[in-house]
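Since the structure comes first, as structure tokens, the remarks are kept for the end.
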Amino acid sequence: RLLPMVEAKIPSMKPGEVSVSAWALGKLHVGDKVLWGDIARLAMSQQPEMEARDLALISWSFMTVDRRVPDELIGLKTEVRSRLDGDGTRGFSAHDLCMLMRSFAVLTPRDTLFFTVLTRSLSAAFEDPAQHFTAQGLTSIWTAVARVQFEDKDQFVEQLLEQTRRLRLDHTFNQTMAAEIATAVKRMRISDGRVMYQLVNFCQRRGRYLRAPEMLTLATVLSDMRFDDPMAWKQLNVRVQERAIDLELEEMEKLVQCFQKVGRSNSRIENLTGLFLQVKADNNRYGPS
């Protein structure tokens, strides 16, 4: 019901209103192409008047609805680069930079030059005590860095590891973020204790509350990297007995192998998962009873 009203108001929207409207529509996964065309045209014409936050919100909204119109993306990146070229962050907050990094890692992952400019600004933000990186922001950076290439990547990852060492102290750090970071470090083959301890600590504290997909992701990464912390695996063991049934047959077999790989399996978990595996196999063969 609101879409016709939004469409009617687009021509009179100010830059801040355009970006917030785009963010809201992206958040709701509204995919109306005509509406997004109108928003994109107005946003492109207003770019010089937009604040850094507005550019970040527009970029993020394009990512959420998978809008990849070349002229629009080039225009956005050109405006961002013109403001970021040189040292410092030039009015972009840590949150803005994280949104841009996450968005363009999905939209244009091969633009090495753009990510070089963006990561240099992020490096400057890391050193600025006035900038604050949240758990969500750091997760966005990890996810993006695992997908893209840029100059001085090793040096940037070192800075990112330093920022990550306090992640466990952020009360907003949740299982979705932990699983995304775990996936990123596995992809980059990073086993540095500064990031791995955050994942181990999360399993120690929150392992018994994990959903099945996140449980499998974390168990896979910890076992592949041979992190066999007793408390973390104890919590995962408890959760497996409650939620392993939610996994598919192949996933459940993989989960059992994770415990075996680090020597944390036992008769209880093998008997229980063996029963789950039998139920799943029967379901696949004969269908639900």
Item to check | Those residues of region 73-107 which are free of Cβ contacts under 8 Å to residues at least 40 places away in the same chain, surrounded by fewer than 23 Cβ atoms within 10 Å (Cβ to Cβ) and at negative phi, in sequence order | outcome: L73, I74, G75, K77, T78, E79, R81, S82, R83, D85, D87
Item to check | Every residue from region 108-146 that is among the basic types (K, R) and buried (at least 19 other Cβ atoms within 10 Å of the Cβ) | outcome: R120
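Please verify whether F202 is open to solvent by 30 Å² or more (accessible area, probe 1.4 Å), among the aromatic types (F, W, Y) and free of Cβ contacts under 8 Å to residues at least 40 places away in the same chain, treating the condition exactly as stated. Before you say what the answer is, go through the steps one by one.
On the way: open to solvent by 30 Å² or more (accessible area, probe 1.4 Å): no; among the aromatic types (F, W, Y): yes; free of Cβ contacts under 8 Å to residues at least 40 places away in the same chain: yes.
The answer is no for F202.
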Checklist outcome for this item: Checked E253, E214, E180 against criteria (acidic (D, E), touching a residue at least 24 places away in the same chain (Cβ under 8 Å) and open to solvent by 70 Å² or more (accessible area, probe 1.4 Å)); the one match is E253
Item to check | When residues of region 147-171 are limited to those that are polar (S, T, N, Q) and open to solvent by 80 Å² or more (accessible area, probe 1.4 Å), the one nearest to R205 (Cα to Cα) | outcome: Q155
Item to check | Residues satisfying the stated conditions in region 219-238, i.e. part of a helix (DSSP H, G or I) and open to solvent by 40 Å² or more (accessible area, probe 1.4 Å) | outcome: D224, P230, M231, K234, V238
Checklist entry - Looking at A43, A22, which is the one that is modelled with pLDDT of 95 or more, surrounded by 14 or more Cβ atoms within 10 Å (Cβ to Cβ), over 27 Å from V157 (Cβ atoms) and touching a Leu at 6+ places or on another chain (Cβ under 7 Å)? => result A22
Next on the checklist: Residues to consider are A52, A8; find the one that is open to solvent by 40 Å² or more (accessible area, probe 1.4 Å) and either within 24 Å of the chain's Cα centre (by Cα) or of a type in the set (A, V, I, L, M, F, W, C) (or both).
Outcome noted: A8
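The values are calculated or read from the model by the stated rules, or taken from the named source; none is laboratory data. Keep in mind it's a predicted model, so treat the numbers as computed, not measured. Cβ sites come from the backbone with ideal geometry, for glycine too, and all protein chains shown count toward neighbours. What goes into the accessible areas is simple: the full protein's heavy atoms, side chains included, and nothing from ligands, DNA or RNA. Shrake-Rupley method; radii C 1.70, N 1.55, O 1.52, S 1.80 Å.
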